[in-house]
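For reference, the structure is listed below as structure tokens.
The values are calculated or read from the model by the stated rules, or taken from the named source; none is laboratory data. All of these numbers come straight from a predicted model, not from anything done at the bench. Here the Cβ is made from the backbone with ideal geometry for all residues, glycine too, and neighbour counts use every protein chain on show. Each accessible area value is taken on the protein alone, full model and side chains, heavy atoms only, with ligands, DNA and RNA left out. Shrake-Rupley method; radii C 1.70, N 1.55, O 1.52, S 1.80 Å.
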Amino acid sequence: MDISHIEHLGIAVKSLEEAIPYYEQVLGLKCYNIEEVADQKVKTAFFKVGQTKIELLEPTCPESTIAKFIENRGEGVHHVAFAVNGIEGALAEAAEKGVRLIDQTPRAGAEGLTIAFLHPKSTKGVLTELCEDKN
Ligand code: ZN
């Protein structure tokens, strides 16, 4: 597949309100967008680090996969997102090479990106997101 860069790191936090001050006051980054992604049951906060972003993920309800992640493993890095050219082709290639897909077809994610997840059981334990900016 044709990956250009790491688009973002997804980091699970219990509370954006408690996490954002660390990123702003200690790391000196600026939160430029807060967005709720209803179908993933998360509220997200974004920071830019060069062309890569940090995406903080706060669960909006106990059934959220992020809530379950925090329950099992605590707060921390949740997924790595790669920017790809041609997400449909990239997903097809991954499937063809035996990778288990979470999303069989790309869907809408935060920030207007088209996204799809690969299963961590097929990616050496790292939940992997492919994303493409089609705008
Ligand atoms: Zn993500």
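When residues in segment 29-58 are screened for being polar (S, T, N, Q) and surrounded by fewer than 18 Cβ atoms within 10 Å (Cβ to Cβ), 3 of them pass.
Consider V26 against the criteria (1) away from the ligand (no atom under 15 Å from the Cβ); (2) surrounded by 19 or more Cβ atoms within 10 Å (Cβ to Cβ): it satisfies all of them except one. Which criterion is unmet? For V26, the failing item is (2).
Look at segment 112-130: where a residue is in contact (Cβ under 8 Å) with a residue 12 or more places away in the chain and a partner is open to solvent by 40 Å² or more (accessible area, probe 1.4 Å) and β-branched (V, I, T), sitting 6+ places away or on another chain with Cβ atoms under 8 Å, you get A116/I102; A116/T105; F117/I102; L118/I102; H119/I102. Taken over segment 87-105, the criterion of being within 20 Å of Q40 (Cβ to Cβ) and either at pLDDT below 95 or open to solvent by 40 Å² or more (accessible area, probe 1.4 Å) (or both) is satisfied by R100, I102, Q104, T105.
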